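Enquirer: Here it is: the structure, laid out below.
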């Protein structure tokens, strides 16, 4: 699968996904639901990927 972070420009993300020819996309960070929806609308298998033990706002 292609694992991609949604911390980038929308057009660049969608272009990258299309250019790779990936059939499965796992989305992490950002607006996962929107990108997963976009992928599924195009017939791709897409899921949000939640990383255990990672905190975005960690003060350490």
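The values are calculated or read from the model by the stated rules, or taken from the named source; none is laboratory data. This is a predicted model, so every value here is computed, not measured. As a convention, Cβ positions derive from the backbone with ideal geometry for all residues, glycine included, and neighbour counts pool all protein chains shown.
Enquirer: If residue 7 passes every condition in (1) loosely packed, with under 12 Cβ neighbours inside 10 Å; (2) assigned to a helix (DSSP H, G or I); (3) modelled with pLDDT under 95 but one, which one does it miss?
Expert: Every listed condition holds for residue 7 apart from (2).
Enquirer: Please count how many residues of region 30-47 are touching a strand residue (DSSP E or B) at 6+ places or on another chain (Cβ under 6 Å) and surrounded by 16 or more Cβ atoms within 10 Å (Cβ to Cβ).
Expert: Number of matching residues: 6.
Enquirer: Go through region 19-29 and report how many residues are assigned to a helix (DSSP H, G or I) and either touching a residue at least 24 places away in the same chain (Cβ under 8 Å) or in contact with a strand residue (DSSP E or B) (Cβ under 9 Å, 6 or more places away or on another chain) (or both).
Expert: Within region 19-29, residues that are assigned to a helix (DSSP H, G or I) and either touching a residue at least 24 places away in the same chain (Cβ under 8 Å) or in contact with a strand residue (DSSP E or B) (Cβ under 9 Å, 6 or more places away or on another chain) (or both) number 1.
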